[in-house]
Amino acid sequence: MNAQLKPGQIGEFKLLIGGKLVPGAAGTVDVINPATEKVVAACPRADVAQANQAVAAAKAAFPAWAAKPIAERRALLMKLADAIDARVQELAPLLTQEQGKPLGGAFFELMVASANIRGIAAHDLPPVVLKDDAQSKVVRVRSPLGVVAAITPWNFPVIMMVTKLAPALLAGNTIVVKPAPTTPLTSLRVGELCAEIFPAGVVNVIADANDLGGVLTSHPDVAKIAFTGSTATGRKVMASAAPTLKRLTLELGGNDAAIVLDDVNPQEIAPKLFFAAMVNSGQVCLAAKRIFVPEKIYDAVCAELAKIASAAKVGNGLEEGVEFGPLQNRMQYEKVKAIIDDARAQGKVIAGGEPHAGPGYFIKPTIVSGLPDGARLVCEEQFGPVMPVLKYKTLDEAIARANASEYGLGATVWSASNERAMDVAMKLETGTVWINKHLDLPPDVPYGGTKQSGYGVELGQQGVEEFTQVKIINQAKG
């Protein structure tokens, strides 16, 4: 890999199967820059046989990798974190060109990715003595599962890759990674780094045209699926895994509520709400997607949000000063435009919402007021830079409306009173609630969804344990 590559000098890409970098047997797929709609690079496309080869390579590598002391596995993960940091000047422009996020956001994603590897690798899986008396000694140990298939999304391709790879490998599993077809390039570059660091077959990275997920989720030699994506696809993953009772981690969609209490300052709270909803152009599962504001300060909060949205700079992520890039792909772009049209018919667009002229999947940060709860922007996950601001009369009403969703991933509460905020947080039906902050996801704290937002957790000690099987050893004494 050429560390001197600059934007526009992308180079070629290979799959990683069994320790070897190989071309795709099914040819290539063009990866499109969502800011220009031009081809970034040709990505190698694996066929079914190569997907099966990747699983076979991971299965063959599993016994030796599982037998390594956890300290040795940890040391190699640390080398991967160092390698990502060493190549960040090359990887960040590539990530921007395939995903669309501004260059600063790409650097941030890579920094978080390497930090998450280090944070996850710091965990341990020691035996735990449950009972030790005159009759018996009972010990709980955690064993690796085998081959893990990691299927990752297009919004944070590198973070989501390593958040699955690091705990899987630390626990002694081997892995096959399949990135989203629209953002495979940076993941393949990370695969090249893995080829230099890990034993052959421990890490495999394949890319497809959205046609090999079922091969992995139904494969008899895959012990666990770690998937991040939409709830609709998560249901299919779960169904596909059912015949072989695979272990699952599903981090799915969300329609996260932000509940603003009446004791906040509108000018102080608006920038925080705007970030919570619009970061990564709203393409975040845990973004604030429904903003509940009390009547008392509703108009003032709406005015402040509209002011911030109108001043935001949208454009190609490689250009200086750009705050918001395009949506990542045309399908999502068309979906969000349709949601805005529905919102315009039922509420009032107070900022943004204008159609984009020219190439690129750009949507300006859009603020909508006066919507009913049945509008698409309120009851669906928009996954774009569009914020509905919803008025409420009583706090109990806001909590009930926030909970009236099939989703339960995250939520935020904003208040000058920690006691009031904690009371609201305890009543929200979500996996994570932040108070007076948003998207704080340190690697030592788990997160996961309730209801149809997911199954299992990622990050933290519990996130590592998701990649293990509990074994009880019950020994008689005397």
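The values are calculated or read from the model by the stated rules, or taken from the named source; none is laboratory data. None of the values given here were measured: they were computed from a predicted structure. For neighbour counting, all protein chains shown are included, and Cβ atoms are generated from backbone atoms with ideal geometry for every residue, glycine included. Each accessible area value is taken on the protein alone, full model and side chains, heavy atoms only, with ligands, DNA and RNA left out. Shrake-Rupley method; radii C 1.70, N 1.55, O 1.52, S 1.80 Å.
At-a-glance table
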{"quantity": "Only one of L318, L371, L327 that is open to solvent by 20 Å² or more (accessible area, probe 1.4 Å) and among the aliphatic types (A, V, I, L, M)", "calculated": "L318"}
{"quantity": "Unique match (being in contact with a Cys (Cβ under 8 Å, 6 or more places away or on another chain) and closer than 21 Å to E458 by Cα) among V222, V203", "calculated": "V203"}
{"quantity": "Residue within region 139-160 that is basic (K, R) and open to solvent by 20 Å² or more (accessible area, probe 1.4 Å) present", "calculated": "yes"}
{"quantity": "Lone unmet requirement of (1) touching a Ser or Thr at 6+ places or on another chain (Cβ under 6 Å); (2) surrounded by fewer than 20 Cβ atoms within 10 Å (Cβ to Cβ) for E354", "calculated": "(1)"}
{"quantity": "Filter pass, L305 being touching a residue at least 40 places away in the same chain (Cβ under 8 Å) and within 15 Å of T366 (Cβ to Cβ)", "calculated": "yes"}
{"quantity": "Failed item, numbered, when T186 is tested on (1) within 20 Å of E251 (Cβ to Cβ); (2) open to solvent by 10 Å² or more (accessible area, probe 1.4 Å); (3) in contact with a Pro (Cβ under 7 Å, 6 or more places away or on another chain)", "calculated": "(2)"}
{"quantity": "Criterion (aliphatic (A, V, I, L, M), in a loop (DSSP other than H, G, I, E, B), open to solvent by 20 Å² or more (accessible area, probe 1.4 Å) and farther than 29 Å from D30 by Cβ) met by exactly one of A209, A200, A239", "calculated": "A200"}
{"quantity": "Cross-chain or 6+ apart pairs with Cβ under 8 Å, region 397-423 first and open to solvent by 60 Å² or more (accessible area, probe 1.4 Å), then assigned to a helix (DSSP H, G or I)", "calculated": "E406/T231"}
{"quantity": "Single residue of region 435-471 satisfying the filter (crowded, with 21+ Cβ neighbours inside 10 Å and charged (D, E, K, R)) that is farthest from P271 (Cα to Cα)", "calculated": "E466"}
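Conditions tested, residue by residue: (1) touching a strand residue (DSSP E or B) at 6+ places or on another chain (Cβ under 8 Å); (2) hydrophobic (A, V, I, L, M, F, W, C); (3) without any contact (Cβ under 8 Å) to a residue 40 or more places away in the chain; (4) at negative phi.
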residue: C194; (1), (2), (3), (4): yes, yes, no, yes
residue: A200; (1), (2), (3), (4): yes, yes, no, yes
residue: S218; (1), (2), (3), (4): no, no, yes, yes
residue: A232; (1), (2), (3), (4): no, yes, yes, yes
residue: T244; (1), (2), (3), (4): no, no, yes, yes
residue: E251; (1), (2), (3), (4): yes, no, no, yes
